[in-house]
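The values are calculated or read from the model by the stated rules, or taken from the named source; none is laboratory data. Given the structure is predicted, the values throughout are model-derived calculations rather than measurements. We place every Cβ from the backbone using ideal geometry, glycine too, and count neighbours over all the protein chains shown.
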Amino acid sequence: MNSPSPLEHIRIVLSRTSHPGNIGAAARAMKTMGLTNLTLVDPKLFPHPDAEARASGATDVLASAYVCASLQEALRGTVLVAGLSARRRDLAAPFRWARDGAAELLAEIRPDDQLATEVALVFGNETSGLSNEELALCHFPIMIPANPGYSSLNLGAAVQLMCYELRLAAGSPGTAPSGDAVLATADEVEGFHAHLERVAIASGFLDPAQPKRLLPRLRRLFGRARLEHEEVSILRGLLTTLEKPKLRRSAKSSDGLKKS
């Protein structure tokens, strides 16, 4: 019995793709390198004949593609997310070059594990790339070391290059994941950030009218930490405890108003 390929656990995510032909080209690029797990976030036109024509024999990848409305939904259940970017961004995590980023994604996959760990690589819109809000949902950005004088790659070419790097990385052992730790999934991390923002506002630490760069900096901090499932539970337990005094004060105030 053949052992499962780590490439089966890599989710290629295309966000807000404008041209259906590019979806087909991406599917073809994936299949030539042994990847089949395609997710589409709010594509402008899909399904579409142009996508099937450009897929050229990879229509099975298109047929099995998961289509959803938001990037948060697309990343649900993943433990490590990288986003392709053509430029460096303020407050983003330190970028990785394509080869290093691919190796880091592969190192997190444990295909024999019953948890069936999945990682994701996200590609943005053909015109604008990933938005800052989308990139904030990624643990780190990846850049392709193209000609700095002309670094523009079409979506299909970018997917082809990265799928090649992922296949190359899959052929080497890489760095083993640390111990038996279970990383928090993307949706668990997002739940934590929403909880943290709520407590920061309620405590007066964060003014929602003037948030400045506090929340992106906190995202970057916790992104570097690569939170584990148990650590998220601990942090959310702490936040819940910090919320309780305020809840008790609110309850007492309500009781006082009723008595008067």
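Within region 65-96, the set of residues being more than 19 Å from Leu166 (Cβ to Cβ) and among the hydroxyl-bearing types (Ser, Thr, Tyr) comprises Ser70 only.
As a summary of the residue check, Phe46 satisfies the conditions (1) closer than 20 Å to Val119 by Cβ; (2) among the aromatic types (Phe, Trp, Tyr); (3) buried (at least 16 other Cβ atoms within 10 Å of the Cβ) except for the one numbered (1).
Figure legend. Inter-residue proximity from region 54-83: first residues modelled with pLDDT of 95 or more, second residues part of a strand (DSSP E or B) and of a type in the set (Gly, Ala, Ser), beta-carbon distance below 6 Å, spacing 6+ or different chains. Indicated pairs: Leu71/Ser15; Leu75/Ala120; Thr78/Ala120; Val81/Ala120.
Screening region 138-155 for residues that are in contact with a helix residue (DSSP H, G or I) (Cβ under 6 Å, 6 or more places away or on another chain) and assigned to a loop (DSSP other than H, G, I, E, B) and picking the one that is nearest to Gly223 (Cα to Cα) gives His139. Exactly one residue among Ile109, Ile23 is in a helix (DSSP H, G or I) and buried (at least 18 other Cβ atoms within 10 Å of the Cβ), and that residue is Ile23. Applying the condition of being farther than 21 Å from Leu14 by Cα and modelled with pLDDT of 90 or more to region 170-188 and asking which residue is surrounded by the fewest Cβ atoms within 10 Å (Cβ to Cβ) yields Glu188. Summed over region 26-35, residues that are touching a Ser or Thr at 6+ places or on another chain (Cβ under 7 Å) and part of a loop (DSSP other than H, G, I, E, B) total 1.
I'd like the full set of residues that are modelled with pLDDT under 95 and farther than 24 Å from Leu218 by Cβ, limited to region 84-105. If the condition is that a residue be modelled with pLDDT under 95 and farther than 24 Å from Leu218 by Cβ, then Ala86 is the only one that fits.
For region 50-97, the tally of residues that are more than 20 Å from the chain's Cα centre (by Cα), surrounded by 17 or more Cβ atoms within 10 Å (Cβ to Cβ) and not in a helix (DSSP H, G or I) stands at 1.
Selection of first residues in region 36-49 that are of a type in the set (A, V, I, L, M) and of second residues that are assigned to a loop (DSSP other than H, G, I, E, B), restricted to Cβ pairs under 7 Å at least 6 apart or on distinct chains, gives the following pairs, ordered by first then second residue: Leu38/Ala65; Leu40/Thr17; Leu40/Phe46; Leu40/Ala65; Val41/Arg16; Val41/Ser70. So, in region 226-246, of the ones that are loosely packed, with under 11 Cβ neighbours inside 10 Å and at pLDDT below 90, which residue ends up farthest from the chain's Cα centre (by Cα)? Checked region 226-246; the qualifying residue farthest from the chain's Cα centre (by Cα) is Pro245.
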